[in-house]
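A short write-up of the structure that comes next.
The values are calculated or read from the model by the stated rules, or taken from the named source; none is laboratory data. Everything quoted here is computed from the prediction, not taken from an experiment. Cβ placement follows ideal geometry from the backbone for every residue including glycine, while neighbour counts extend to all protein chains displayed.
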Amino acid sequence: MVKAIQQKLSESKTARWSVLALVSFTMMCAYFISDIMSPLKTLLEKEIADGGLGWTSMDFGVFNFSYGWFTVFLFMLIIGGIILDKWGTKFTGVLATGLMLVGVAIKYFVIEYTVSNPDFAAQTLPWLGNIHSSLLYISLGYATFCLGSEIAGITVTRIIARWFAGRELALALGLQVATARLGTAAAFVLCPKLPEWFDFQISAPVMVGLAIMCIGMITFLVFCVMDARLDKEESESNVEQEEPFRVRDIVSIIKVPAFWYIAILCLVFYSAVFPFLKNATDFMFNKYPIEFDYASWIPAMLPFGTILLTPLFGRIYDKVGRGATLMLIGSVLLFFVHVVFATPQITSVAVAVAMMIVLGIAFSLVPSAMWPAVTKIVEPKKLGSAYALIFWLQNVGLMGVPLLINWVLNEYCIVGTQVLDGATINKYDYTTPMVIFAALSFTAIIFAILLKREDKRKGYGIEEKK
């Protein structure tokens, strides 16, 4: 009888791995939608009559800058972390998936309206630097989606930390990240082709994303049913409840130097990866002798590689430890990749493919050790807020770096024009942007070293196996 009472749902392998599959699928949908526009940058620069939106590189930068309008400027991601700690994963997750659904719907309908209404497409906003009205509304939709996506990210991390506590936590987190990146891979492979398959409609990829997000929300609701059962079991078995979250707990988090080393490492590392991926297809098309139809396949190799490697490195961390060392190695590899990409004389497609594979290794090493390491520094009841603070800082980079990169491209890197499918578009030299990415990668190396030193001094156990 006692054993039956103490046997929680999370102790069932089938149940906890099913939960992982459900929430990972939701995040895969989020990653797909987040990267829908990334391989389309070159197409977006075509005029509307040619199947694009008539954007410039700066317009593309403004669109990506909107990633943090709500999460960073309005501190809504941190508020989301507090909501997570106070009201739990089910309420917060449903809120997050709802925001994602609303955001992608706004983006789709505004793009559709822009393409079919030339007068609206021509409208500008003098009080906002004469940006097009359509760009503002598309960006607002993206900002809404990103708020939901980021809150979903910390919620899913908290869910996995609960269901896999004391078990295969790093492996589970690695599998979640790997599954999510299937969405990124699908975006890079499919999105350049979707407009062609749907009568050359630039809105087609977003329409597909909207349909996929509906499915992602349903899978999260299925998880909610399972999690409610676990809540009931823990209540009936008198499992000791955590102390309630207090706002002053945030102060105790930010007083820990190791927390800041991880947070800043996260900021600069991800700022050298995700913003690069936003422009990666355009970069490959402009630097290497490759047709546009195949340019997106090279960056698509990155997520496919991480699908296998991230869980593998997570398993290694579970069994061997050395988390700070894994993060340091990943940062060094990232720096090497961007230095090679920044070298103008290296224009071999084979080298580009090899560098994307190395980048995939780097992109697997760091997250597989970073997120489990946070659980060794921050106590469980504060994890929601801790992840929210890290994600908020990360969002500063994910918002600002794309704007910087595309501003540099627009102002200093146009070296001529080229023709794509009969339309004339700008040709870019990506050397300076790649140097910026290399500098961010070097900064990641510094903070990985600081984290390794701090762990040795304070004994958090980041270098130890679970």
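Below is a table of values for the structure above.
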{"quantity": "Positions within the range 117-148 being among the small types (Gly, Ala, Ser), closer than 19 Å to residue 102 by Cβ and touching a Leu at 6+ places or on another chain (Cβ under 8 Å), in sequence order", "calculated": "134, 148"}
{"quantity": "The listed residue being buried (at least 16 other Cβ atoms within 10 Å of the Cβ) and out of contact with any strand residue (DSSP E or B) (no Cβ under 7 Å at 6 or more places or on another chain), out of 422, 384", "calculated": "384"}
{"quantity": "Only listed residue being touching a Cys at 6+ places or on another chain (Cβ under 7 Å) and either farther than 19 Å from residue 278 by Cβ or assigned to a helix (DSSP H, G or I) (or both), chosen from 370, 399", "calculated": "370"}
{"quantity": "Flag for residue 409 being in contact (Cβ under 8 Å) with a residue 60 or more places away in the chain, part of a helix (DSSP H, G or I) and in contact with a strand residue (DSSP E or B) (Cβ under 7 Å, 6 or more places away or on another chain)", "calculated": "yes"}
{"quantity": "Some residue of the range 157-168 being at pLDDT 95 or above, in a helix (DSSP H, G or I) and polar (S, T, N, Q)", "calculated": "no"}
{"quantity": "Hey, residue 411 more than 29 Å from residue 151 (Cα to Cα) and either surrounded by 16 or more Cβ atoms within 10 Å (Cβ to Cβ) or not hydrophobic (A, V, I, L, M, F, W, C) (or both) or not", "calculated": "yes"}
{"quantity": "Condition met for residue 97 (at pLDDT 95 or above, within 17 Å of the chain's Cα centre (by Cα) and over 16 Å from residue 203 (Cβ atoms))", "calculated": "yes"}
{"quantity": "Considering residues of the range 178-229 that are aromatic (Phe, Trp, Tyr) and either at pLDDT 95 or above or surrounded by fewer than 20 Cβ atoms within 10 Å (Cβ to Cβ) (or both) only, the residue farthest from residue 278 (Cα to Cα)", "calculated": "223"}
{"quantity": "Residue ranges of helices (runs of 4 or more DSSP H) in the range 43-129 with at least 1 members touching a residue at least 40 places away in the same chain (Cβ under 8 Å) and buried (at least 19 other Cβ atoms within 10 Å of the Cβ)", "calculated": "57-65, 76-116"}
{"quantity": "Enumerated helices (runs of 4 or more DSSP H) restricted to the range 264-321, each holding at least 3 residues that are crowded, with 24+ Cβ neighbours inside 10 Å and touching a residue at least 12 places away in the same chain (Cβ under 8 Å)", "calculated": "274-287, 297-320"}
{"quantity": "Condition check for residue 147: out of contact with any strand residue (DSSP E or B) (no Cβ under 7 Å at 6 or more places or on another chain), assigned to a helix (DSSP H, G or I), surrounded by 24 or more Cβ atoms within 10 Å (Cβ to Cβ) and aliphatic (A, V, I, L, M)", "calculated": "yes"}
{"quantity": "The range 172-186 residues that are closer than 18 Å to residue 359 by Cβ, paired with ones that are of a type outside the set (Ser, Thr, Tyr) and modelled with pLDDT of 90 or more (beta carbon under 6 Å, 6 or more apart)", "calculated": "180/27; 180/28; 182/28; 183/28; 183/32; 184/35"}
{"quantity": "Any hit, the range 414-432, residues being over 18 Å from the mean Cα position of the chain (by Cα), at pLDDT 90 or above and in a helix (DSSP H, G or I)", "calculated": "yes"}
{"quantity": "Residue within the range 19-34 that is more than 23 Å from residue 99 (Cβ to Cβ), more than 17 Å from the chain's Cα centre (by Cα) and part of a helix (DSSP H, G or I) present", "calculated": "no"}
{"quantity": "Residue count, the range 35-49 (criterion: under 10 Å from the mean Cα position of the chain (by Cα) and either among the aromatic types (Phe, Trp, Tyr) or within 14 Å of residue 193 (Cβ to Cβ) (or both))", "calculated": "0"}
{"quantity": "Residue count for the range 341-374, restricted to those that are buried (at least 20 other Cβ atoms within 10 Å of the Cβ) and among the polar types (S, T, N, Q)", "calculated": "2"}
{"quantity": "So residue 450, is it closer than 23 Å to residue 67 by Cα, in a helix (DSSP H, G or I) and touching a residue at least 12 places away in the same chain (Cβ under 8 Å)", "calculated": "no"}
{"quantity": "Residue check, residue 407 under 22 Å from the mean Cα position of the chain (by Cα), farther than 23 Å from residue 170 by Cβ and either of a type outside the set (Ser, Thr, Tyr) or modelled with pLDDT under 90 (or both)", "calculated": "yes"}
